[in-house]
Each structure stands twice: as C-alpha cells, then as structure tokens.
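The values are calculated or read from the model by the stated rules, or taken from the named source; none is laboratory data. Everything numeric in this text was worked out from a predicted model, so none of it was measured. So basically every Cβ, Gly included, is an ideal-geometry build from the backbone, and we count neighbours across all protein chains shown. SASA here: full protein model, heavy atoms, side chains in, ligands and nucleic acids out. Shrake-Rupley method; radii C 1.70, N 1.55, O 1.52, S 1.80 Å.
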Amino acid sequence: MARGLQPLRYRGFRRLVGGQLASNLGDACYAVALPWYVLAHHGGPVLLATVLAAYGVPRTALVAVGGAAADRWRPWTVMLLADAFRAATVGVLAVAAWSGPPRAAVLVPIAVVLGAGEGLFLPGSLAVIPRLLPEADLQAGNALGSAGTQLATLVGPAIGGVVVALAGPAVAFAADGTSFVVSAVSLLGVRRTQ
C-alpha cells in the first residue's frame, strides 16, 4: 500500500473519511439548492442574504463552544449530536421547500440551527483524526481528509446542480439530510472502534 494511503488500514479512519465525504457532498447540494430555492421562488436577494447571515453568525460564534465540548466529551460524540440535529433540521427544510415558497419565518430559524450545528461540529472534526491514527500516519491521514473535502468541493456543486435541475431543491435538501445521517452512522462506527 502506498505510504499516503496507509491511514486507510484503520477502520475508524475509513469510516470517518467516508462519512465526511458523504456529508460534504450533501453540503454542496445544499449550497446549490438554497439560492435556487430562494431566488427562483421570488424570495429575493435580501431574504437570501438574511438566511446566509442567520447561518454564518451562529456558526462563527459557536466554534469556541464546539471546541470546549469536544475537549470535555469525545469529539465524535459532539459531532454525532451535531449531525443528528442537522439531519432533522434539513429534513424540515426539505418539507418546507416541498410545501411552498420560501419564507423568512421558516428559513431563518432553520439557518440558525444549521449554523450552530456546523459551529459545534467543526472543532471535533479537527480533533478526531489524531485520536484515530498513530503519529506516523497522522500527516497522511490529514492529507486524505483534506483530499476528501476538496473532492466534495469540486464535484458536489455539479451533483447538486443536476439534482436541483432534475428533481428540485426539496430533493437536494433531502439528500443533504441523508448525508448527515450517513455521517452520523459512520461516527457511531468510529466510536465503537475506540
């Protein structure tokens, strides 16, 4: 096995990387579907900007809380809970998108919960790899994790665009919710290996 792929020998690491790849692909679908949903249904740029701010502020504010939580409890536990809440919340968004046009009263609280979940999730995602790999494989493991994120960033929006064009934003939101479930299941597997 090539040196750069050595971390894939560890089941917990494989589960983590696979779950995060799925989650990042789902997030890319969401990133395409949200503007499409808001702007195509005459929600306007002000509503879109408000929703994006409602996501960004709690995401930024809760990163420190997520770091403290990952230190106090195991990082995959915090990540698992964040994924569970985000899966449910994106599920509500999918139903809202299926039900009708975008409304601030629905989208803003959903964006706040999703941003908060991301803020809580991120520090744990950075702290978990060193717990899964020996130091000799840590650099290669970080590179593989980053490569998965970059792959999702590259192909995810294209997949999201196809899903939105063929099936609509509600289906893309449902795909993102499903990706959080995949991530949560992978994190359960990571936790079992520990």
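With bins 10 Å wide starting at 0, give me the P(r) of region 1-97 over every alpha carbon pair, in whole percents.
All Cα pairs considered, the percentages come to 12, 33, 32, 17, 6, 0.
Using a Förster distance of 45 Å, how high is the FRET efficiency between Ala147 and Ser99, based on the Cβ-Cβ distance and rounded to 0.05?
In this case the efficiency is close to 0.70.
Step by step: find N for the chain, compute 2.2 N^0.38 Å, then divide the Cα radius of gyration by it. What's the final number? All intermediate terms of the calculation are to be shown ahead of the outcome.
Values: Rg = 17.1 Å, N = 194, 2.2 N^0.38 = 16.3 Å.
Normalised by 2.2 N^0.38 Å, the Cα Rg of the chain equals 1.05.
Just subtract the alpha-carbon distance of Leu166 and Ala136 from 0.36 nm times their residue separation and send over the number in nm, one decimal.
Extra length available between Leu166 and Ala136 comes to 6.2 nm.
Considering only Gly67, Gly44, Gly115, give the residue with the highest GNM mean-square fluctuation for the chain, with springs between Cα atoms whenever their separation is below 10 Å.
Gly44
Could you identify which residue out of Ala127, Ala105, Ala175 has the top mean-square fluctuation in a GNM of the chain using Cα springs shorter than 10 Å?
Looking only at Ala127, Ala105, Ala175, the largest GNM fluctuation is found for Ala105.
With unit charges on the beta carbon (Lys/Arg positive, Asp/Glu negative), name the residue among Leu154, Pro109, Met79 whose Cα is farthest towards the positive pole of the charge dipole of the chain.
Farthest towards the positive pole: Met79.
Suppose each label sits 7 Å from its Cα in the direction of the beta carbon; what would the Leu52-Ala88 distance come out to in nanometres?
2.9 nm
Express the accessible area of region 14-78 per residue in Å², computed with a 1.4 Å probe while the remaining protein chains stay in the model.
That works out to 51 Å² per residue.
Can you tell me the mean projection area, over all orientations, of the convex hull of region 85-124's alpha carbons? Units nm², please.
Details: hull surface 10.6 nm².
Computed as one quarter of the Cα hull surface, the answer is 2.6 nm².
So what is the accessible area of region 121-194 per residue, in Å², with the probe set to 1.4 Å? Walk me through the intermediate numbers first.
Numbers: 3550 Å² over 74 residues.
Result: 48 Å² per residue.
Can you divide the C-alpha Rg of region 86-161 by 2.2 N^0.38 Å and report the result to two decimal places?
Normalised Cα radius of gyration, region 86-161: 1.48.
Ignoring any ligand, DNA or RNA, what whole percent of the accessible area of region 133-194 comes from carbon and sulfur when the probe is 1.4 angstrom?
Of all accessible area on region 133-194, carbon and sulfur atoms account for 67 percent.
Which percent of the accessible heavy-atom area of region 1-87 goes to carbon and sulfur, probe 1.4 angstrom?
68 percent
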